[in-house]
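Read the structure below first, then the notes.
The values are calculated or read from the model by the stated rules, or taken from the named source; none is laboratory data. Remember, it's a predicted structure, so these values are computed and weren't measured experimentally. All Cβ positions, even for glycine, are placed from backbone atoms using ideal geometry, and neighbour counts span all protein chains on display.
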Amino acid sequence: MNNYALLKEIQKLIKLKKYDEATRSFIETTQSTIDIEFLKNDKYFKDDIVKRDIYNITISRDKRKMVFTFGQSLANKGVKPSFYDVLTCLEKSEYQDFNDFCLNFGYDNDSIKALEIFEACKKQYQDLQKIYSDFEIEILQEIQYF
């Protein structure tokens, strides 16, 4: 299936609220794999007051891969994240300008925490670009925006 056909397939499945099926279609068509490994139950974010399940995620395609940690929703303790959960959490937009980033997300541009988040988003997007083409990343955006 070519990328245009994949986009149409994803849009159709999302319209039918078949999110997991859309995700599987993307993974299969792009010949990707996603490995989800439980690491621990602990505080994930700096300001967490409650522990959550933390997973190590590896997305691979050919010899390319990206590895990151995933903090599961507190409401899903003990539940392994789905491929849909993993793909929708990824940053699929490129931000070059810190001030624009802050305006878009309501952060204070004089905040060290906001700058750390900005840098993390940039890195995650760059890692995603190593695995997928710009058009494939646009398709991933379709999976997220339902």
Residues satisfying the stated conditions in segment 44-76, i.e. of a type in the set (D, E, K, R), crowded, with 16+ Cβ neighbours inside 10 Å and either under 30 Å from residue 7 (Cβ atoms) or touching a Ser or Thr at 6+ places or on another chain (Cβ under 7 Å) (or both): 61
Scan of segment 79-134 for residues that are assigned to a helix (DSSP H, G or I) and among the polar types (S, T, N, Q), ordered by number: 88, 99, 104, 124, 126, 129
Tally, over segment 13-43, of residues that are free of Cβ contacts under 8 Å to residues at least 40 places away in the same chain and either within 19 Å of residue 89 (Cβ to Cβ) or surrounded by 13 or more Cβ atoms within 10 Å (Cβ to Cβ) (or both): 13
Verdict on residue 34 being among the β-branched types (Val, Ile, Thr), closer than 25 Å to residue 140 by Cα and either touching a Phe, Trp or Tyr at 6+ places or on another chain (Cβ under 9 Å) or assigned to a loop (DSSP other than H, G, I, E, B) (or both): yes
Filter result for residue 113 (modelled with pLDDT of 90 or more, of a type outside the set (A, V, I, L, M) and surrounded by 12 or more Cβ atoms within 10 Å (Cβ to Cβ)): no
